[in-house]
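The values are calculated or read from the model by the stated rules, or taken from the named source; none is laboratory data. Given the structure is predicted, the values throughout are model-derived calculations rather than measurements. Glycine gets a Cβ as well: all are built from the backbone with ideal geometry, and neighbour counts include every protein chain shown. Areas reflect the complete protein model, heavy atoms only, side chains present, ligands, DNA and RNA absent. Shrake-Rupley method; radii C 1.70, N 1.55, O 1.52, S 1.80 Å.
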Amino acid sequence: MQKNDPYAALRFKEFNTFLLMRFLLVFGWSMQFIVIEWQVYSITKNPLSLGIIGLMEFFPAFFMALFAGHIVDQKEKRNLLILCIAAFSIISLGLFLLTSPSVTQEWSTNSVLYSIYALVFFGGFLRSFFGPILFSLVALIVPRKVFPNAATWSSSTWQMASIIGIGFAGFSISWFGVHWSLCIVFGLVMLSLITVTQISKKPILNTKINEPILKSLSEGIRFVFKTKAILGALTLDMISVLFGGAVMLLPIFAQDILKVGSEGFGVLRAAPSVGAIITMVATAYIPISKNAGMKLLAAIFGFGVCIIVFGLSSVFWISVVALFFSGVTDGVSMVIRQTILQLKTPDHMRGRVASVNSMFVGSSNELGAFESGVTAKLMGTVTAVVFGGTMTLLTVITTGIVLPSFRKLDLTKDFEENETN
């Protein structure tokens, strides 16, 4: 296999099957979340209700994360993924039934709302497993020397599915309505379930099967905290995601500020993902290993600037451009972070390290959504977004000053070692 081959991971048939499965699953997951956001704000007209959606997913995803990582390291990954997707299909079916005319007409608004929150809560529980399983499974499908390339294509597929899922959700609401949009989601999840069965079972590389759970969890946490490259990347991204969660407030911008309706909402929601996928595909050709620390700091600083511009804009196309470039900068951040995790994590600890990553970054999406909902309620929507972007800028500046070693982070040597393994 040629060195610096941008298609290295795609030359493995099973990895392509994995990408198809991930595309279908993320398409459905992203579309479902957008449709539910729209439905909840439509029936409540309360920014806090959008924040509660994030909070309902945050609690189980955060508090189950470490236990999920322990379980993933102890179990066979393919079958565990099948079980999780099957359970997620039940949640999708439940949301489809909750939005049927017979339910919405006969049930009170609060009954429908609380039922949606309950299903989102169980979705958060499942999400604590998805991250560690997918992260671990990639490392079992492709050889170690193509890990960085596989991480790029896996992240790109995730973003591409988000683009289509998020963008299509807005149009789907307009064309088919909320109820039948959720039926499409259920169909996509079932297709992903069928696809994952085409991946073969994988060996369990953890030699410490049946290790006491507390010892296993503490080992994973200690590894992250002593590996400064991982700790710095996760902390920086966590804070920026926590305070830069403007996307959760997009239904308010689309309906009340920019007044562009559901189709405009779909465009706004898709814009960051379009920027991210373009960036991620570019990184398959353009190396990001040299001066990775400075590149990550610059990317997240740019992300904060874009969020501030979006918050201050009252012109639709300016808002779209600002969100697009927030996706560009976020794409750089995601690729660098995933590359650091893949290169620095030993095989037997991938589930636990991915779980800590989920606690730092993944769960901060939901907590950031809640923070955005609360600050929008207290400060007003525009002020809340500008506040979040400003906090992101301050975080980057502080990190750059306090952690000079992170500014100097360079992954060139790690890439070279992987090429020789």
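Please pick out the residue among Val72, Val120 that is touching a Pro at 6+ places or on another chain (Cβ under 8 Å) and either surrounded by 14 or more Cβ atoms within 10 Å (Cβ to Cβ) or part of a helix (DSSP H, G or I) (or both).
Numbers: Val120 fails: touching a Pro at 6+ places or on another chain (Cβ under 8 Å).
Step by step, each of Val72, Val120 is checked, and only Val72 is touching a Pro at 6+ places or on another chain (Cβ under 8 Å) and either surrounded by 14 or more Cβ atoms within 10 Å (Cβ to Cβ) or part of a helix (DSSP H, G or I) (or both).
Can Val374 be described as modelled with pLDDT under 80, over 20 Å from Gly266 (Cα atoms), in contact with a helix residue (DSSP H, G or I) (Cβ under 8 Å, 6 or more places away or on another chain) and among the aliphatic types (A, V, I, L, M)? First the steps, then the outcome.
Details: modelled with pLDDT under 80: yes; over 20 Å from Gly266 (Cα atoms): yes; in contact with a helix residue (DSSP H, G or I) (Cβ under 8 Å, 6 or more places away or on another chain): yes; among the aliphatic types (A, V, I, L, M): yes.
Yes; evaluated as a whole, the condition is true for this residue.
Just give me the residues in region 100-117 being surrounded by fewer than 19 Cβ atoms within 10 Å (Cβ to Cβ) and either closer than 30 Å to Pro203 by Cα or under 21 Å from the mean Cα position of the chain (by Cα) (or both), in sequence order.
Once the filter is applied, which keeps residues that are surrounded by fewer than 19 Cβ atoms within 10 Å (Cβ to Cβ) and either closer than 30 Å to Pro203 by Cα or under 21 Å from the mean Cα position of the chain (by Cα) (or both), region 100-117 yields only Tyr117.
Under 7 Å between Cβ atoms, at least 6 apart or on separate chains: pull out the pairs that start in region 184-197 with a residue that is over 26 Å from Ser100 (Cα atoms) and part of a helix (DSSP H, G or I) and end on any residue that is of a type in the set (A, V, I, L, M, F, W, C) and open to solvent by less than 20 Å² (accessible area, probe 1.4 Å).
Thr195/Met21; Val196/Met21; Val196/Leu81; Val196/Ile85
Return yes when Ser174 is open to solvent by less than 20 Å² (accessible area, probe 1.4 Å), in contact (Cβ under 8 Å) with a residue 60 or more places away in the chain, touching a helix residue (DSSP H, G or I) at 6+ places or on another chain (Cβ under 7 Å) and of a type in the set (Ser, Thr, Tyr) and no when it is not. Please lay out each step first, then the result.
On the way: open to solvent by less than 20 Å² (accessible area, probe 1.4 Å): no; in contact (Cβ under 8 Å) with a residue 60 or more places away in the chain: yes; touching a helix residue (DSSP H, G or I) at 6+ places or on another chain (Cβ under 7 Å): yes; of a type in the set (Ser, Thr, Tyr): yes.
No, not satisfied.
Which of the residues that make up region 288-310 are more than 20 Å from the chain's Cα centre (by Cα) and either aliphatic (A, V, I, L, M) or at pLDDT 90 or above (or both)? Walk me through how you get there before you give the answer.
Filtering region 288-310 down to residues more than 20 Å from the chain's Cα centre (by Cα) leaves 288-295, 298, 305, 308-310.
Once the filter is applied, which keeps residues that are more than 20 Å from the chain's Cα centre (by Cα) and either aliphatic (A, V, I, L, M) or at pLDDT 90 or above (or both), region 288-310 yields Ile288, Ala292, Met294, Ala298, Val305, Ile308, Val309, Phe310.
Are there any pairs, at least 6 apart or on different chains, whose C-beta atoms fall under 6 Å, with the first in region 1-18 and open to solvent by 30 Å² or more (accessible area, probe 1.4 Å) and the second at pLDDT below 90 and in a loop (DSSP other than H, G, I, E, B), and if so, which?
Met1/Ala8; Phe12/Val142
Identify the residue in region 41-59 that is of a type in the set (Gly, Ala, Ser) and at pLDDT 80 or above and, among all such residues, is most open to solvent (accessible area, probe 1.4 Å). Talk me through it step by step, then tell me what you get.
From region 41-59, those of a type in the set (Gly, Ala, Ser) are 42, 49, 51, 54; that's our starting set.
Next cut, at pLDDT 80 or above only: 42, 49.
Details: Ser42: 47, Ser49: 7 Å².
By that ranking, first place goes to Ser42.
Of all residues being of a type in the set (D, E, K, R) and open to solvent by 10 Å² or more (accessible area, probe 1.4 Å) in region 223-281, which is nearest to the chain's Cα centre (by Cα)? Just the residue, please. Walk me through how you get there before you give the answer.
Of the residues in region 223-281, the ones of a type in the set (D, E, K, R) are 226, 228, 237, 256, 259, 263, 269.
Of the ones still in play, those that are also open to solvent by 10 Å² or more (accessible area, probe 1.4 Å) are 226, 228, 256, 259, 263, 269.
Numbers: Lys226: 25, Lys228: 23, Asp256: 27, Lys259: 27, Glu263: 23, Arg269: 14 Å.
Applying the filter and picking the extreme gives Arg269.
Among the residues that make up region 314-323, is at least one of them outside any helix (DSSP H, G or I), open to solvent by 40 Å² or more (accessible area, probe 1.4 Å) and at pLDDT 85 or above?
Of the residues in region 314-323, the ones outside any helix (DSSP H, G or I) are 314-315.
Among the residues that remain, those that are also open to solvent by 40 Å² or more (accessible area, probe 1.4 Å) are: 314-315.
Now restrict to residues that are at pLDDT 85 or above: 314-315.
The answer is yes, given that some residue of region 314-323 is outside any helix (DSSP H, G or I), open to solvent by 40 Å² or more (accessible area, probe 1.4 Å) and at pLDDT 85 or above.
Quick test of your reading of the structure: Met1 fulfils all but one of (1) part of a helix (DSSP H, G or I); (2) at pLDDT below 85; (3) not aromatic (Phe, Trp, Tyr). Name the failing condition by number.
Condition (1) is where Met1 drops out.
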